[in-house]
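Taken together, the values in this text are just the output of simple stated rules run on the coordinates, not laboratory data. Keep in mind that this is a model prediction, so the values were computed, not measured. A quick note on method: Cβ atoms are made from the backbone with ideal geometry, for glycine too, and the neighbour counts reach across all protein chains shown.
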Amino acid sequence: MIRGASLVREAAVRRTALAVLPLLAADAVRDDGIMSDLTHLAAPEGVAPGSGYSHVVLGTGTFVAVSGQCAFDQEGRIVGVGDPAAQARQVFENLRRCLAAAGATFDDVVKLTYYVTDVAHLPVVRAARDAVLDTARPPASSAVQVAALFRPELLVEIEAFAVIPAGTA
């Protein structure tokens, strides 16, 4: 029964994507000119549009999962103790480096999950995100306030999922 429901949902997402695909032609080329097969659906039928994220991103290619990144420099020292903006910038730099190691860029990111110790940090986290991502094609996103991260000085952790065009890894 669960598999059947999953197939029904998958078919509905594909139908929606096919209906809007002509409107999303700009999604087809990454900044580096490599063809990408990602489709961003900011507002599927019957769902209010999100602010700064897509509800659905689908595509074909190689899946890349980047573990949650925190504000550590390359020597393992915390950057920006007490400064959520500095920590967010370092986190996105670490994400950029991890994505690059897999042959990916921020253009390939399909999902970000934010863990913050205070939702009041979200505006500066979003500013750091907007500095590296195409805000016209935002990935799907979730934000979670947590009681603490694994070190008390850390304020932000972000994980990323990406899909890169087949043959580019």
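Things to note:
- Relative contact order, whole percent, for the stretch 34-169 stands at 37, derived from Cα pairs under 8 Å and 6 or more residues apart.
- Surrounding net charge for Tyr53, when Lys and Arg each add one and Asp and Glu each subtract one, Cβ distance under 11 Å: +4
- Top positive-direction residue, dipole computed over the stretch 65-149 with Cβ charges, set Gly103, Val125, Pro84: Gly103
- Were the residues from Phe150 through Ala85 laid out at 0.36 nm apart, the gain over their Cα-Cα distance would be 21.5 nm.
- Remark: relative contact order (the stretch 95-169) = 49 percent; criterion is Cα-Cα distance under 8 angstrom and separation of 6 or more residues.
- Vicinal HN-Hα couplings computed from phi for the stretch 92-100 (Karplus, 6.51 cos²θ - 1.76 cosθ + 1.60; Hz; Gly/Pro x): 5, 5, 5, 4, 4, 5, 5, 4, 4
- A simple count of charges around Phe72, restricted to other residues whose Cβ falls under 15 Å of its Cβ and scoring Lys, Arg +1 and Asp, Glu -1, yields -2.
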